[in-house]
1. When only Cα pairs under 8 Å and 6 or more residues apart are kept, what is the percent relative contact order across the chain?
2. Can you give the angle from 0 to 90° between the axis of helix 364-378 and the longest principal axis of the chain, with both taken from C-alpha atoms, to the nearest 10?
3. Counting other beta carbons within 10 Å of each residue's own, what order do 108, 279 fall into, fewest first?
4. Mind listing P(r) for the stretch 241-422? All alpha-carbon pairs, 5 Å bins, whole percents.
5. What residue among 352, 373, 80 has the largest mean-square fluctuation in a Gaussian network model of the chain, using Cα springs under 10 Å?
6. What is the gain in length, in nm to one decimal, between residue 206 and residue 312 on full extension, counting 0.36 nm per residue of separation less the C-alpha to C-alpha distance?
7. Tally the DSSP beta bridges in the chain and give the antiparallel ones as a percent, rounded to 5.
8. Taking neighbour counts of Cβ atoms within 10 Å as a proxy for exposure, in what order, fewest first, do 237, 384 appear?
């Protein structure tokens with residue numbers, strides 16, 4: 001920082017060409033100098049050698065360091081430097097265990113929490129407050145992250161990133177799902193950045209799948225066993241549903257249109273370029289639940305379609321993403337819209353709310369719940385014994401570490417409670 005001040009004072013005395021050069025130089029510098037300090041490293045090479053480990057043992061014997069400090073130094077000696085390969089194929093090296101994490105989105109924060117390291121999150125993007133909203137689940141909101149959620153620093157928004165604030169928090173790593181953001185984080189904040197891309201509804205290790213994301217974050221945090229357990233938990237829920245639906249004939253599977261952005265603004269919201277006409281061409285929970293996604297095979301991934309196309313698809317079910325108790329107005333709008341009355345789903349009253357698969361990312365807990373909920377919608381007899389509230393609470397506890405989150409959501413959003421009570 002002292003050097004930057006010297007440079008700034010000298011700028012007024014420099015020719016224009018020098019001024020431009022220094023502007024580029026200072027823009028590329030981290031907002032706060034980042035320095036890795038490795039416990040037990042005496043010669044500043046970032047590695048704890050055998051000789052340095054012996055020195056640490058002597059310090060412990062002399063009462064100069066604690067047993068906990070000695071164990072940390074031993075652990076670093078045995079396991080670091082450690083290089084991980086992130087989902088973008090980038091090699092990132094760490095010289096000590098990660099203790100301070102900034103997540104770029106709520107989606108990656110969810111995985112960190114699910115693996116048991118939520119206490120290491122020191123900041124995140126503004127949407128992290130949607131992990132469990134203060135309005136709908138106050139128990140979770142005021143308990144998660146050791147009670148730090150209300151005051152957790154927000155170092156970015158949907159539109160802005162606050163690099164200086166990030167640097168001031170001295171993170172050991174920044175987790176992002178965007179490979180294009182990684183160079184800026186490393187250049188402007190100065191600390192390592194790990195790309196952990198993964199869709200919360202794609203159950204695979206590659207091609208942007210959830211399991212690959214969990215695996216990379218587990219490797220980063222030395223939580224490989226916990227990562228395997230989380231993936232195993234997800235697989236157990238999938239197997240519970242798939243073991244039934246894979247025996248169904250194609251003729252027994254209903255056609256489904258999923259409005260993944262709801263319909264709160266009607267058919268189309270010009271400001272956001274989305275609403276009822278926005279859908280996903282690939283949403284595995286529908287397939288696993290024994291439905292047929294009418295948008296499958298369309299060009300693209302997240303797409304807008306015309307009302308005429310939805311009518312032509314003639315879905316048996318229409319699903320609307322809902323994040324508010326007021327979404328029943330959107331459901332009523334779709335049910336009563338004159339333009340849609342020829343659709344089978346409208347004729348039969350098969351229009352339902354469900355959890356949104358989006359929240360500045362793709363929350364895997366909500367999509368996993370959607371899968372079980374959809375199975376009960378599409379095939380009520382086959383899944384009549386599935387306790388939806390129990391499943392919802394288990395899933396959300398697995399990702400958020402808090403009991404009873406789904407119960408609070410069900411009561412707050414209304415539609416889950418009404419559906420459960422109707423069974």
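1. 14
2. That helix lies at roughly 10 degrees to the long axis.
3. Taking fewest neighbouring Cβ atoms as first place, the list is 279, 108.
4. 1, 8, 17, 22, 22, 17, 9, 3, 1
5. Sorting by GNM fluctuation, first place goes to 80.
6. That works out to 34.8 nm of additional length.
7. Working: 9 of 31 bridges.
Here the antiparallel bridges make up roughly 30 percent for the chain.
8. On the way: 237 18, 384 9.
Placing the least packed residue first, the sequence is 384, 237.
Throughout, read-outs are computed from the coordinates displayed, never taken from laboratory work. Predicted model, so just to flag it, every value in this text is computed and none were measured. For neighbour counting, all protein chains shown are included, and Cβ atoms are generated from backbone atoms with ideal geometry for every residue, glycine included.
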